[in-house]
Amino acid sequence: MATVVLCSQLPVLRRNLLNSLEANGHVGLEVDGSIALVSLCLKRKVDLIVIDSELDYLSAPNTIRCLRVTKGYETLPIVALGHTIMQLHEAMAAGANRAIAKPIETSALMQVVDLLVPRARAFSHLR
């Protein structure tokens, strides 16, 4: 079981992914923006972040960069979601571990979560 944060301004996307995570035995937390994501990560231990490309205030790549320079979050697994190749490429260049194109197949997301969660646990002592 992993604690996964879903960051998207789209309530339907958050709800659908949250349901899929919980059906697969994970704990899902949801936030609707970049500032809320960074704030939550600083207050609570999480195992993985799923971040949508369309965010307010800070862009997804800038949010990823912000997390990557925060002590204890340098290695936290981050999965980026995006509509275009450019969005996915920018997220990966910013430090995302994986990028998934929208529309999202929940089975593909669950495979990525299952792949990255053991890595998150291996580095959890750093946070």
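No lab work stands behind these numbers, since they all come straight from the coordinates. Quick caveat: nothing in here was measured; it's all calculated off a predicted structure. As a convention, Cβ positions derive from the backbone with ideal geometry for all residues, glycine included, and neighbour counts pool all protein chains shown.
Name all residues of segment 23-49 having a backbone nitrogen under 17 Å from the label point set 7 Å from the Cα of R65 along its Cα→Cβ direction, giving them as ranges.
Once the point is set 7 Å along Cα→Cβ of R65, 34-35, 38 turn out to lie under 17 Å by backbone N, inside segment 23-49.
Would you work out which of V12, A80, A2 lies farthest towards the positive end of the dipole of the chain? Charges go on Cβ: Lys and Arg +1, Asp and Glu -1.
Farthest towards the positive pole: A2.
Could you work out which residue, out of R68, R44, R15, moves most in a Gaussian network model of the chain, that is, has the largest mean-square fluctuation with Cα springs under 10 Å?
R44
State the extension gain, in nm to one decimal, for the chain segment bounded by M110 and K43, taking 0.36 nm per residue of separation less the distance between their alpha-carbons.
Going from the current span to full extension adds 21.6 nm.
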